[in-house]
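Trainee: Got a structure here, written out as structure tokens. Questions coming.
The values are calculated or read from the model by the stated rules, or taken from the named source; none is laboratory data. Remember, it's a predicted structure, so these values are computed and weren't measured experimentally. Every residue, glycine as well, gets a Cβ built from its backbone with ideal geometry; the counts of neighbours run over all protein chains shown. The protein model used for the area step is the full one, side chains on, heavy atoms only, and it has no ligands, DNA or RNA in it. Shrake-Rupley method; radii C 1.70, N 1.55, O 1.52, S 1.80 Å.
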Amino acid sequence: MSSTLVKKENNVVTLRIEVDSETFEKGMQQAYLKNKHKFNIPGFRKGKAPRKIIELNYGEGIFYEDAINIVFPEAYDKAIEEHKLEPVDRPSVDVEEIGKGKNLVLTVDVTVKPEVKLGEYKGIEVEKAEYNVTEEDVEAELKRMQERNARIIDAGDRPVKEGDILTIDYSGFIGEEQFEGGTAQNQVLEIGSGRFIPGFEDQLIGKNKNEEVEVKVTFPEEYHAEELSGKDAVFKVVIHEIKEKELPALDDEFAKDVSEFDTLEELKADIMNRLKKQAELRAKAENENKVVEKVAELAEVDIPEVMIERQIDDEINDFAYRLRYQGLEFEKYLELTGTQIEDLRNQFRPNAEKFVKADLVLDAVAEKEGIEATEEEVNEELENIAKSYNQDLEKVKERIIGEDLEYIKKGIIKRKTVEFLVNEAKLS
């Protein structure tokens, strides 16, 4: 097997790969053995016809495609390694020469990882992100804990106020006509939650149990149902129940009920420490992003379209996963919002372009600075994986090999490269 790099244009490399006739013949024989059971030749039991007979009946090229598929992967991998290429897409293959007793000659076009022209990446100046945690932040977190542990009780005969939880029936009308999807019974609504159309919840404040209320609203222009967007509507509402939250007292008993601590002061101290750690992590992440974005801005790279499209695919798949986690199918989301898939792809494109460029730039910095993943760092990562899945380390090592191991190494290198850039940066 041999290969020649014919040309390289705009990150697309053309290779001429030649597979010797002996190797290709072995591929032909394997293709025959793989497919012979498919042929029914008169005078032979199914699957027993000799290769020559099958080729006489169907033509010599009957096994070419499978034979190429058999010999190509090894030849391609050798060519990629020989010319030190990093493909980012599947190759496009054309047959230049093929035949019995001949060498197999293929022309292969493949998109490869682009070259990055780094700008300045040491001493980058960015504004430092810092977040301070105050006593007010602690009190706000305590308030949220209070809310989560509140009892829902009957509010008695008083009118509705902000924060109440109502059970209502409603019917929606545009003019005299009741519209589809605008009717519900025994609907639970928290006043102030913003779940309903703007203005709906406010008009229930001050109303009483069993009272019938006419709520006048205007649907937003960007409302998902086009037939309702921008329309004036009236909802006839009946209030069946008015309930309120009874908040627990913020004292030592509350601390014991909601945490491992015996006193409210201990709980407050723990909240303060937790919020400080979150603030530190948030600032660290923002500083890293700022530095990487700045370094990427100063670099030049011609990004292959296939890399951007693949990143968009990943981001849409991640978005669809998060929707399903919230109980909404991706297709239903598109229907409800009136969004076309291409419009969504265009929304994701700018972020995908930034992500791919930053990723390529980090790789270039790592290569220039000789940043690598040490055996100790890889073992530490594997140990963390084993612990998180409560598995034996040796079994994890046996399972994580090849591409999976390379993925882990790349993650370590990227993390170390970001740390390097931040340490070299000037955070003002």
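Trainee: Of LYS84/LYS357; LYS7/LYS84; LYS290/LYS357; LYS117/LYS294; LYS117/LYS416, which pairs sit farther than 18 Å apart, going by alpha carbon to alpha carbon? Could the numbers behind the result be given before it?
Mentor: Values: LYS84/LYS357 21 Å; LYS7/LYS84 14 Å; LYS290/LYS357 14 Å; LYS117/LYS294 14 Å; LYS117/LYS416 20 Å.
Where the Cα-Cα span goes over 18 Å, the pairs concerned are LYS84/LYS357; LYS117/LYS416.
Trainee: Take each of the peptides 392-399, 414-421, average the number of other beta-carbon atoms within 10 Å over its residues, and list them starting from the highest. It would help to have the intermediate numbers written out before the result.
Mentor: On the way: 392-399: 12.2, 414-421: 18.4.
Output ranking for 392-399, 414-421: 414-421, 392-399.
Trainee: What is the extension gain from ARG399 to LYS256, computed as 0.36 nm multiplied by their sequence separation minus the C-alpha to C-alpha distance, in nm to one decimal?
Mentor: Taking 0.36 nm per residue and subtracting the Cα distance, the gain is 47.0 nm.
Trainee: With every protein chain left in place, what is the accessible area per residue of the stretch 143-302 in square angstrom, probe 1.4 Å?
Mentor: Details: 9780 Å² over 160 residues.
For the stretch 143-302, the solvent-accessible area averages 61 Å² per residue.
Trainee: So between GLU82 and TYR321, what do we pick up on full extension, going 0.36 nm a residue minus the alpha carbon distance? Intermediate values should be presented prior to the final figure.
Mentor: Working: separation 239, 0.36 × 239 = 86.04 nm, distance 3.99 nm.
Using 0.36 nm per residue and subtracting the Cα-Cα distance, I get 82.1 nm.
Trainee: Leaving out ligands and nucleic acids, and using a 1.4 Å probe, what accessible area per residue does the stretch 21-84 come to in Å²?
Mentor: Numbers: 4180 Å² over 64 residues.
Per residue, the stretch 21-84 has an accessible area of 65 Å².
Trainee: Roughly what would the spin-label model give for LYS52 and GLU9, points 7 Å off Cα along C-beta, in nm?
Mentor: 4.6 nm
Trainee: Helix 21-35 sits at what angle to the longest principal axis of the chain, using alpha carbons and giving 0 to 90 degrees rounded to 10?
Mentor: It works out to around 60 degrees.
Trainee: Here is a follow-up. Which of the GluC sites (Glu not before Pro) found in the stretch 127-158 are loop residues per DSSP with 11 or fewer other Cβ atoms within 10 Å of their Cβ?
Mentor: Numbers: sites: GLU127, GLU130, GLU135, GLU136, GLU139, GLU141, GLU147; in loops: GLU127, GLU130.
The qualifying sites are GLU127.
Trainee: Same structure, new question: Within straight cross-link reach of LYS209, meaning Cα distance under 18 Å, which lysines are found once same-chain residues fewer than 8 apart are removed?
Mentor: Cross-link targets: LYS161, LYS236, LYS243, LYS245.
Trainee: Can you show me the helix-derived [θ] at 222 nm for the chain, built from DSSP H runs with n ≥ 4 at -39,500 (n - 2.57) apiece and divided by the number of residues, rounded to the nearest 500. Let's see the in-between values first.
Mentor: Values: 12 runs with 199 residues, N = 428.
Per the formula, -15500 deg cm²/dmol.
Trainee: When the scattering of the stretch 232-338 is computed by the Debye formula from its Cα atoms alone, each counted once and equally, what is log10 I(q)/I(0) at q = 0.13, 0.15, 0.19 Å⁻¹?
Mentor: Normalising to I(0) and taking log10 leaves -1.00, -1.01, -1.06.
Trainee: Could you give the dipole magnitude of the chain about its Cα centre, charging the beta-carbon of Lys and Arg +1 and that of Asp and Glu -1, in debye to the nearest 20? Working shown, then result.
Mentor: On the way: 63 positive and 99 negative charges, 446 e Å.
Charge dipole, the chain, about its Cα centre: 2140 debye, nearest 20.
Trainee: Please list, or write none, the lysines whose alpha carbon is within less than 19 Å of the alpha carbon of LYS276, excluding same-chain residues fewer than 8 places away.
Mentor: LYS128, LYS143, LYS268, LYS284
Trainee: According to the Kirkwood expression over distinct Cα-Cα pairs, how big is the hydrodynamic radius of the stretch 316-428, in Å?
Mentor: Details: mean 1/r = 0.0571 Å⁻¹.
Kirkwood hydrodynamic radius for the stretch 316-428: 17.5 Å.
Trainee: Put a dot 7 Å past each Cα toward the Cβ at LEU247 and ASN40; how far apart are the dots in nm?
Mentor: 8.1 nm
Trainee: Still on this model: In Å, what Kirkwood hydrodynamic radius results for the stretch 150-285 from the alpha-carbon pair distances?
Mentor: Numbers: mean 1/r = 0.0554 Å⁻¹.
In the stretch 150-285 this quantity evaluates to 18.1 Å.
Trainee: Whole percent per 10 Å bin, from 0 to the bin with the longest distance: what is P(r) over all C-alpha pairs of the stretch 182-230?
Mentor: With 10 Å bins starting at 0, P(r) equals 21, 53, 23, 3.
Trainee: Oh, and also: Measure off, as a whole percent, the carbon and sulfur share of the 1.4 Å-probe accessible area of the chain, all protein chains present.
Mentor: Working: 12290 of 27000 Å².
The computed percentage sits at 46.
Trainee: To continue, here is another question. Between ALA279 and GLU369, how many nm apart are label points set 7 Å from Cα along the C-beta direction?
Mentor: It works out to 2.9 nm between the two label points.
Trainee: For the chain, which semi-axes, largest first and in whole Å, follow from the square roots of 5 times the eigenvalues of its Cα gyration tensor?
Mentor: Numbers: eigenvalues 724, 247, 114 Å².
That gives 60, 35, 24 Å for the three semi-axes.
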